[in-house]
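**Q** Have a look at this one.
Every number here is computed from the coordinates shown, using simple stated rules; none is lab data. Just so it is clear, the structure is predicted and the values come from calculations on it, not from any experiment. Cβ placement follows ideal geometry from the backbone for every residue including glycine, while neighbour counts extend to all protein chains displayed.
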Amino acid sequence: MPELEQLRAGHAAAVLAFELTNRAYFTAAVSDRGDAYFDEFADRHSAALAEQEAGVCAFYVLVAEDGSVLGRFNLYDLEVGTARLGYRVAQHVAGRGVATATVRQLCRLAAARHGLHTLRAATAHRNAASRAVLTHVGFVPVGPADPAHLGGEPGTWYQHDLRLRPGPAAAR
């Protein structure tokens, strides 16, 4: 059974493999990270770990039994009670409820481990799968997202009050 683990140095090779294997799939829904991201991956991974250690962000990976990464689930810009959520799952598990279940789990961790009460997430209008995940978990649209935040694409900000009890749609 896959496990949600906080990012650590030992995840670097599996995370890079995940990103490279799914690059074309991700680009269909979000802006491509560009070649520099992959060329500088070791430094970026170290920087992410430093941000996590400083308490600025909290990065998680969904790890399969074989050690491969099935998804990334991140909390950015941790502030007093709030953070931004970002996530992506591997193409071969997409559409199977993996993102929804893991985002739901991360919401519980965000409240219990990180003391958060509000999460925000932006998604491009063309990313219907991400919009569905957010609404199933209990996020509600709160306004337009700056296209600069979404690689130049129009989108919407969603917000989830973690103190509210999940409704029927979120309980699935």
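**Q** What helices does the chain have that are whole DSSP H segments, at least 20 Å long along their own axis by Cα, and with mean Kyte-Doolittle hydropathy of -1.0 or more?
**A** Result, helices passing both filters: 98-112.
**Q** Highest mean first, what order results for 67-77, 9-19 on Cβ atoms within 10 Å? Walk me through the numbers on the way to the answer.
**A** Details: 67-77: 19.2, 9-19: 16.1.
Descending mean neighbour count gives 67-77, 9-19.
**Q** Oh, and also: Over the chain, what is the mean sequence separation of C-alpha contacts under 8 Å (at least six apart), divided by residue count, expressed as relative contact order in percent?
**A** Dividing the mean separation by the residue count of the chain yields 18 percent.
**Q** Sticking with this one: Check which residues have an amide H placed less than 5 Å from residue 94's amide H, if you skip close sequence neighbours.
**A** Long-range HN contacts for residue 94: none found.
**Q** By count of other Cβ within 10 Å, fewest leading, how are 66, 39 ordered?
**A** 66, 39
**Q** Note the direction-averaged projected area, equal to a quarter of the hull surface, for the Cα convex hull of the chain, in nm².
**A** 9.6 nm²
**Q** Per residue of the range 69-81, what does 6.51 cos²θ - 1.76 cosθ + 1.60 with θ = phi - 60° give for ³J(HN,Hα)? Whole Hz please, x for Gly and Pro, Karplus curve as stated.
**A** Per residue, the Karplus-derived 3J(HN,Hα) values read 8, 9, x, 10, 9, 10, 10, 10, 6, 4, 10, 4, x Hz.
**Q** So, one more: Quick one, what does Rg over Rh come out to for the range 81-172 if you take C-alpha atoms and the Kirkwood Rh?
**A** Over the Cα atoms of the range 81-172, Rg/Rh equals 0.95.
**Q** Could I ask something else about it? Please report, in debye to the nearest 20, how large the charge dipole of the range 1-83 is about its Cα centre when each Lys and Arg carries +1 at its beta carbon and each Asp and Glu carries -1 there.
**A** 120 debye
**Q** Right, next: Packing-wise, with mean Cβ within 10 Å as the measure, how do 83-92, 123-132 rank, highest first?
**A** Final packing ranking: 83-92, 123-132.
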